[in-house]
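Student: This is the structure I have questions about; it appears just below.
The values are calculated or read from the model by the stated rules, or taken from the named source; none is laboratory data. Fair warning: this is a prediction, and the values are worked out from it, not measured in the lab. All Cβ positions, glycine included, derive from the backbone under ideal geometry; neighbour counts span all protein chains shown. For the accessible areas, the whole protein counts, side chains as well, though only heavy atoms, and no ligand, DNA or RNA atoms are used. Shrake-Rupley method; radii C 1.70, N 1.55, O 1.52, S 1.80 Å.
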Amino acid sequence: MPRTKKLTQIEKRALIKQQIKIEPSLSSRTIGKQLGVSHVTVEKVRKELLASGQLTTVDTLPEYLSHPYLKEHPEILEGLDARGLRALKAPGVLNLMQERGSLSPRSCQAALNRQRKADRRKNTSGMVPEVDIRQCDLLTNDLSWIADDSVDLILTDLPYSVDYVELYRALSKLAGRVLKKDGIASLVCMTGYGALPEIMSALHTDKRLCYNWTLTTIFPRRSSNLGWIGVSSFAKPVIHMTCGTRYKGEIYSDLITASPANKTREIEWEQPLDVFDELAKRFIQHGDSVVLDPCCGAGTSLLASLHTGSCAKVIGMDIKDECVKISKRRITEYLEYKD
Ligand SMILES: C[S@@+](CC[C@H](N)C(=O)[O-])C[C@H]1O[C@@H](n2cnc3c(N)ncnc32)[C@H](O)[C@@H]1O
């Protein structure tokens with residue numbers, strides 16, 4: 001193999017000069033990284049260029065400093081902390097500040113982020129979401145009607161007792177098969193603390209599932225008195241996993257507090273809709289999402305997913321016919337009257 005010749009000092013400096021002239025606003029560190037040389041050398045070459053008049057200090061100003069809005073309002077730079085300065089430099093922030101006449105880079109950056117987030121979650125088809133809810137046993141039925149790698153979110157809430165560990169194993173296998181492997185598609189499963197070690201282990205049955213985090217949901221008005229283990233519990237864990245690769249989605253907060261319960265439940269285990277609304281908002285991260293709940297009960301997770309306006313399809317299953325009927329009714333009512 002031919003050997004690549006090492007650059008001489010003179011050739012290196014010529015290359016650095018060329019690079020500084022092409023993009024004088026790039027920092028010496030960035031140019032150093034690009035060319036594989038020390039930033040100290042780049043700085044030396046820059047000083048030589050300035051001294052010889054081949055470069056002016058105006059050329060070396062970062063691009064954001066030449067923005068007309070900043071020239072008009074130089075006071076924006078006064079008292080800016082590091083986060084404020086980072087926000088000011090972020091793409092689009094100065095333009096939005098100008099548009100709004102705002103002096104706050106951080107609030108404009110937050111507004112831009114919210115807008116970008118909302119844009120990512122928009123449905124492209126504009127169609128009414130498809131709803132498929134069936135009576136099915138997660139343990140024994142053939143579920144091949146749910147295609148491989150087709151689901152963006154499994155949002156569910158299985159029975160919490162250790163007697164149901166097999167159900168969590170089946171859930172893990174189903175998730176491994178049907179979840180997209182993009183680092184964003186997620187299995188989000190509310191459960192109880194009682195059998196958490198066994199449940200965690202069962203959820204790892206399919207080895208492609210990667211544990212990411214456990215969220216805490218707090219139910220201030222809905223405690224369970226677990227006298228036999230000496231606990232009065234106000235909280236439930238929600239396990240978050242991805243499939244095939246680690247989580248690459250948006251940062252989410254790991255705490256959700258339910259508002260005081262005021263709705264009569266349709267089934268004993270029905271969860272507060274506001275808690276599932278929050279989960280759906282956090283984990284449905286793009287438009288045209290497909291959401292599945294294989295133990296949907298009264299359909300709370302499916303309804304919450306539809307509330308986001310980002311679903312192309314919701315799929316529900318429950319072993320009980322009564323639950324299927326309730327879920328279908330709640331969703332039909334929502335879709336009929338939402339506008
Ligand atoms: C905790 S509840 C879900 C409640 C639901 N999140 C809601 O808010 O209405 C668990 C559900 O799992 C269902 N289930 C239990 N075993 C099942 C199985 N083998 N296959 C499918 N569903 C099952 C139960 O009928 C029950 O509705």
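Student: Within segment 230-256, take every residue that is touching a residue at least 24 places away in the same chain (Cβ under 8 Å), among the hydroxyl-bearing types (S, T, Y) and in a strand (DSSP E or B) and give me the one that is nearest to Y168 (Cα to Cα).
Tutor: Here the answer is T242.
Student: With respect to the numbered conditions (1) in contact (Cβ under 8 Å) with a residue 60 or more places away in the chain; (2) surrounded by 13 or more Cβ atoms within 10 Å (Cβ to Cβ); (3) not assigned by TED's automatic domain parsing to the domain that holds L306, which one is the sole condition not fulfilled by T124?
Tutor: In the conditions (1) in contact (Cβ under 8 Å) with a residue 60 or more places away in the chain; (2) surrounded by 13 or more Cβ atoms within 10 Å (Cβ to Cβ); (3) not assigned by TED's automatic domain parsing to the domain that holds L306, T124 misses (2) alone.
Student: Inside segment 313-339, can you point out the residues that are more than 7 Å from the ligand (Cβ to nearest atom) and either within 18 Å of the chain's Cα centre (by Cα) or part of a loop (DSSP other than H, G, I, E, B) (or both)?
Tutor: Going residue by residue through segment 313-339, those that are more than 7 Å from the ligand (Cβ to nearest atom) are 313-316, 321-322, 324-339.
If the condition is that a residue be more than 7 Å from the ligand (Cβ to nearest atom) and either within 18 Å of the chain's Cα centre (by Cα) or part of a loop (DSSP other than H, G, I, E, B) (or both), then K338, D339 are the ones that fit.
Student: Looking at (1) open to solvent by 70 Å² or more (accessible area, probe 1.4 Å); (2) touching a Leu at 6+ places or on another chain (Cβ under 9 Å), which is the only condition R29 fails?
Tutor: So the condition that R29 fails would be (2).
Student: Residue by residue through segment 267-312, note down the ones that are acidic (D, E), part of a loop (DSSP other than H, G, I, E, B) and away from the ligand (no atom under 13 Å from the Cβ). I'd like the intermediate steps shown before the answer.
Tutor: Our first condition is that a residue be acidic (D, E); within segment 267-312, this holds for 268, 270, 274, 277-278, 288, 293.
Now drop any that are not part of a loop (DSSP other than H, G, I, E, B), which leaves 268, 270, 288.
If the condition is that a residue be acidic (D, E), part of a loop (DSSP other than H, G, I, E, B) and away from the ligand (no atom under 13 Å from the Cβ), then D288 is the only one that fits.
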